[in-house]
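Below: one structure, written as structure tokens.
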Amino acid sequence: MRYKDAGVDLDKQKTIHAVARRLLSGGEGAYVRWIEIGSHDLALHVDGVGTKTVWLLQAGKIEVAGWDCLAVNINDVVCDGFKAVAVVDYIAVSPGLEDAAARVLNGLERASAEADVVILGGETAIMPDVVNGIDVVCTVLAVREATPRPPSIGDYVVGVESSGPHANGYSLLRRLFRLDEEICGVPVAESLLQPVVMYHKILPLFQEGLIKAAAHITGGGFTKLKRALGNLGAELELGQLPCWARAILKKGVPKDEAYRVFNMSIGIALVTDKPADLVRRLEDLGYSARVIGRVKPEGSIAVDGVRVS
């Protein structure tokens, strides 16, 4: 079973990206583009929760979509040294799910309070014949507070743990598992529907010189590390995978596909030349982190012995 078998063709998505890229202007980072206004670099960034909402609705956990909607954006912009300062949302529902939209906003409110982000507004639409369920998207305004530095050969890669698949790969996950089954004795609704971890607290570590570059491991899995490494490569060993990640492999997803689609336990990967200090500071901030690899001269990414990029 591959992502394409679940209806998501990453090659076709790249074609769309190529068309969109011709329209873009402004400064270009690994995840965001920005414009300079006065003495500030300001970025707008948009991302959504995707098909995770299908299970969240069924499990009675749709508030998580509001949290995730902000979290996935925060985790992208922080990789380029930006702090999200404000957010607007777009929630589209099919008729009969109006109450779900309100619950999504409750989750967004909790996330915004956690990350000190102002909710400026949004749009809620009831979309018969267009939406079947609920679609949740957020756009953040972010300001630069740090500037990443180019990695060097021999630098270390530190992985910060995720809470699960976060908000990616759910079209495939829903083909692999039933919501009412268990993974290693834990209900799928618990093991695969945890809120996305927000990594906003790492921003000062750029300023402290502990982080050179960062990659949010989202759609595309560990191929996203190329955004941080440029022409360089990396060899990673994740160690013991959590039960949910092992279960994906046991269901027959090829290893190379799994590492291209899912985070497999690492929510964000950080490049550093001070690994011990970085891990210690991350743990002080409440994250679970470990060294997972080194930067290599060749431009390929290998994870647990499998080339993914």
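At-a-glance table
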{"quantity": "Criterion violated by Asn168 - all others in (1) surrounded by 14 or more Cβ atoms within 10 Å (Cβ to Cβ); (2) among the polar types (S, T, N, Q); (3) more than 19 Å from Ala30 (Cβ to Cβ) satisfied", "calculated": "(3)"}
{"quantity": "Arg144 being among the charged types (D, E, K, R), surrounded by 18 or more Cβ atoms within 10 Å (Cβ to Cβ), modelled with pLDDT of 95 or more and within 16 Å of Ala84 (Cα to Cα)", "calculated": "yes"}
{"quantity": "Residues (closer than 14 Å to Tyr170 by Cα and surrounded by 24 or more Cβ atoms within 10 Å (Cβ to Cβ)) located in segment 55-71", "calculated": "Leu56, Ala65, Asp68"}
{"quantity": "Filtered residues of segment 93-141 (kept if in contact (Cβ under 8 Å) with a residue 60 or more places away in the chain and more than 29 Å from Gly81 (Cβ to Cβ))", "calculated": "Gly133, Ile134, Asp135"}
{"quantity": "Given (1) more than 19 Å from the chain's Cα centre (by Cα); (2) open to solvent by less than 40 Å² (accessible area, probe 1.4 Å), number of the condition Val158 does not satisfy", "calculated": "(1)"}
{"quantity": "Residue selected from segment 86-104 under the condition in a helix (DSSP H, G or I) and in contact with a helix residue (DSSP H, G or I) (Cβ under 6 Å, 6 or more places away or on another chain), by the criterion most open to solvent (accessible area, probe 1.4 Å)", "calculated": "Arg103"}
{"quantity": "Test: Val8 is touching a Ser or Thr at 6+ places or on another chain (Cβ under 8 Å), modelled with pLDDT of 95 or more and outside any helix (DSSP H, G or I)", "calculated": "no"}
{"quantity": "Some residue of segment 199-222 being among the hydrophobic types (A, V, I, L, M, F, W, C), open to solvent by 20 Å² or more (accessible area, probe 1.4 Å), touching a residue at least 12 places away in the same chain (Cβ under 8 Å) and touching a helix residue (DSSP H, G or I) at 6+ places or on another chain (Cβ under 8 Å)", "calculated": "no"}
{"quantity": "Within segment 227-309, strands (runs of 3 or more DSSP E) holding 2 or more residues that are open to solvent by less than 70 Å² (accessible area, probe 1.4 Å), charged (D, E, K, R) and closer than 18 Å to Val158 by Cβ", "calculated": "289-296"}
{"quantity": "Count - residues of segment 72-85 that are buried (at least 24 other Cβ atoms within 10 Å of the Cβ) and either in a helix (DSSP H, G or I) or basic (Lys, Arg) (or both)", "calculated": "7"}
{"quantity": "Segment 207-226: number of residues that are in a helix (DSSP H, G or I) and under 19 Å from the mean Cα position of the chain (by Cα)", "calculated": "6"}
{"quantity": "Residue satisfying all of: in segment 171-198; closer than 25 Å to Ser112 by Cα and β-branched (Val, Ile, Thr); surrounded by the most Cβ atoms within 10 Å (Cβ to Cβ) among these", "calculated": "Val196"}
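The values are calculated or read from the model by the stated rules, or taken from the named source; none is laboratory data. In this text, all values refer to a predicted model and were calculated from it rather than measured experimentally. A quick note on method: Cβ atoms are made from the backbone with ideal geometry, for glycine too, and the neighbour counts reach across all protein chains shown. These area figures cover heavy atoms from the full protein model, side chains too; ligands, DNA and RNA do not enter into them. Shrake-Rupley method; radii C 1.70, N 1.55, O 1.52, S 1.80 Å.
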